[in-house]
Amino acid sequence: GHAWTHVYAKAWITRNRECVNGRKGDEVATEGLALFAPTRITGVTALRLSPGRVALTARLPSFPGMSVAVTHLSAGQQSQPEREREIELLLPWAGRQRAAILMGDFNALPQAIELTRVTARYQDAWAAAAGRGLANGVESGATRAGRRGSRIDYVFYAAGAGLALESVEVVDTSTPEGLPEASDHRPVV
């Protein structure tokens, strides 16, 4: 019953018209990045990180003078150099946007070398919450259903931004046997 607002940026587009032709959509197949909020979203900016990857920042009334950033970095073990280049573009841009929260699918495990630049500027909310006994939900923090210990989705926050970490939860969205999963990732709250 509560209205949410959103912003969306396309990451890549195909010529696949199956959805349109089958009346299951209104556009060709695409992948993108969205940010949803229960309040008004303003000051939206987007950055192309690589041919198929983008980042978004937006301002929310509850974070005056700061923004929230979301991204989805390149996938696969072989894409580590690409993720490093994407992070190299992402971090200075997020800094200029005053991003106090940086979140998304980073497609890298917590110990991945490419995340050291991120964790030099931002705190990993799951790790901080787990260390303080404030982590809930999936015990391992794994965000990829069916892959134990696979934590590749993150909420990072800037130390000194005046934010207080109250809790973090990785929500188990598993469905009963035989039903399709809502997503191949579990949400981080």
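Here are some notes:
- Some residue of the range 89-98 being over 25 Å from Arg59 (Cα atoms) and out of contact with any Asp or Glu (no Cβ under 9 Å at 6 or more places or on another chain): no
- Selected residue (criterion: modelled with the highest pLDDT) from residues of the range 162-187 that are of a type in the set (S, T, N, Q) and over 16 Å from Asp124 (Cα atoms): Thr173
- Residue match in the range 19-38 (condition: on the phi > 0 side of the Ramachandran plot, open to solvent by 70 Å² or more (accessible area, probe 1.4 Å), charged (D, E, K, R) and over 14 Å from the mean Cα position of the chain (by Cα)): yes
- So Arg98, is it farther than 27 Å from Ile41 by Cα and either buried (at least 18 other Cβ atoms within 10 Å of the Cβ) or among the basic types (Lys, Arg) (or both): no
- Within the range 124-133, one or more residues are free of Cβ contacts under 8 Å to residues at least 24 places away in the same chain and closer than 26 Å to Pro92 by Cβ.
Condition check ((1) touching an Asp or Glu at 6+ places or on another chain (Cβ under 7 Å); (2) open to solvent by less than 70 Å² (accessible area, probe 1.4 Å)) across all residues:
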| site | (1), (2) |
| --- | --- |
| Ala142 | no, yes |
| Ala145 | yes, yes |
| Ser150 | no, yes |
| Tyr154 | yes, yes |
| Ala158 | no, yes |
| Glu169 | no, no |
| Asp172 | no, no |
| Glu181 | no, no |
| Asp184 | no, no |
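- 2 or more residues touching a helix residue (DSSP H, G or I) at 6+ places or on another chain (Cβ under 8 Å): qualifying strands (runs of 3 or more DSSP E) within the range 20-132: 42-50, 53-59, 67-72
- Residues being open to solvent by less than 50 Å² (accessible area, probe 1.4 Å), out of contact with any Leu (no Cβ under 7 Å at 6 or more places or on another chain) and of a type in the set (Gly, Ala, Ser) - total across the range 44-86: 8
- Flag if Arg15 is open to solvent by 50 Å² or more (accessible area, probe 1.4 Å), over 22 Å from Gly162 (Cα atoms) and not aliphatic (A, V, I, L, M): yes
The values are calculated or read from the model by the stated rules, or taken from the named source; none is laboratory data. This structure is a prediction, so every number in the text was calculated from the model and none was measured. Virtual Cβ from ideal backbone geometry, glycine too; neighbours counted across all protein chains shown. Please note that ligands, DNA and RNA were not included when accessible areas were found on the heavy atoms of the full protein model with its side chains. Shrake-Rupley method; radii C 1.70, N 1.55, O 1.52, S 1.80 Å.
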